[in-house]
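What follows is a set of notes on a single structure, which appears directly below.
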Amino acid sequence: MIRPKVTIIVPVYNVEKYLTCCIGSILSQSFKDFELLLIDDGSSDLSGEICDDYVEKDARIRVFHKENGGVSSARNLGLDNAQGEWICFIDSDDWVEVDFLKELIQYDSFDLVVGGCEGVGCMIYSTKRNENLIIDFKQPNKAAQILNANNENTISAFYYSCGKLFRNSIISQYDLRFDIRMKMCEDTCFLIQYLIHVNEIILSNFHCIDIDFHPYQVNMHLIITVARPI
């Protein structure tokens, strides 16, 4: 079996309203060399059935059904089964631009590729950038470099796991996983563990993902913004 360039991991839980839009945006990618892992985390609505229907439509899709254990356990199951050189996380109520993978994979000489995102729904939120930003983690004051170069929204979005490309080799070598004990900010913890092992990363100016904010997500955004770890 030929190894895909990218593994996209989508944790799924009771999102029948949004799931078709999310999966459709992924399958419409102009860059085709990827596999899509849909992790049904014990959904009680039609989400699991929707996932199974898509398996019949596209050979790049694999579906895993598990008992409900939270988003971290779902992402970890995806990591356990990922075959791609790069890992990408997308939430099941978000959708991505058609050139999302095409734009980010061109920077595959870096250890982490960060795309821009924009929030819709109950809040206005954007991390659009005018130019790319390269950060050398071999140099001191790397945290200050990020802070000086970005506005508040970009900083908070930087610590989400979605809209980024992670090297699978780094994740596998250091056995990096999401902490299933954490109920929020698990993205931040995972990303910090990952950054310990990188050399250079790039923050792309490409707007790649649209986030559908619900009220509970706004609260989490505010917590991350106010209590960010750096």
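No value in this document is a laboratory result; all are computed from the given coordinates. These figures come from a predicted structure and were not determined experimentally. In this analysis, Cβ positions are derived from the backbone assuming ideal geometry, glycine residues included, and neighbour counts consider all displayed protein chains.
Go through 57/102; 66/102; 66/183 and tell me which ones have a Cα-Cα distance over 28 Å in this structure. Beyond 28 Å: 66/102.
Among the GluC sites (Glu not before Pro) in the stretch 1-99, those located in a DSSP loop and surrounded by at most 12 other Cβ atoms within 10 Å of their own Cβ are 56, 67.
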